[in-house]
Amino acid sequence: MSGQLGLIIEIIVGGLLAVTIGYCILLDRRLRAVRADEAVMRKTIMELSIATDRAERAIDALKHTLGDCDRTLGERLRVAERYASDLEDQIRSGDDVLNRISRIVSTALDSPVVEGATDPAEAFSQHVIRTQPAIRSASRISQTLAAAQALATRGAEKKRENVA
């Protein structure tokens, strides 16, 4: 029996050796795959590093461009504010002119009506001709008065629009 027991132990040891050899072969294949993947991983890491450097440079360039845009936009806003201020001054000046023209027109409309004149502009021009003989061109005065009335009407409409 001791002979058979020795044989059984040797068979078990031989089986375990066969399993160990099989496992070593499997482990060797996996290690080779890992080594092959390691080369791919190194290549991937290098590409990632290069891409990261490019991205950092692109971000720096974008920051620089953003700074330029900010400065340009700021300057344009300052110019626009100056234009808006100038435009406000011109609008105020235009309102003053319209007010003066309105006073002239209202004075003309309040002046004595000339007999036979149906148009206020014509009445005013006849009144001016009678009161100021140095003025030679009645048609020019009536044209000026008509323009003044049109401007006054427009000014009144603009004021109504601004109030509304």
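Of the candidates R32, R92, R100, the single residue that is more than 30 Å from A150 (Cα to Cα) and assigned to a helix (DSSP H, G or I) is R32. Being part of a helix (DSSP H, G or I), of a type outside the set (D, E, K, R), modelled with pLDDT under 85 and more than 21 Å from E157 (Cα to Cα), is that true of even one residue in the range 46-62? No. Of R136, R154, R100, R92, all but one fail to be modelled with pLDDT under 60, among the basic types (K, R) and over 27 Å from the mean Cα position of the chain (by Cα); the exception is R136.
The values are calculated or read from the model by the stated rules, or taken from the named source; none is laboratory data. The shown structure was predicted, so the numbers you read here are calculated from the model rather than taken from an experiment.
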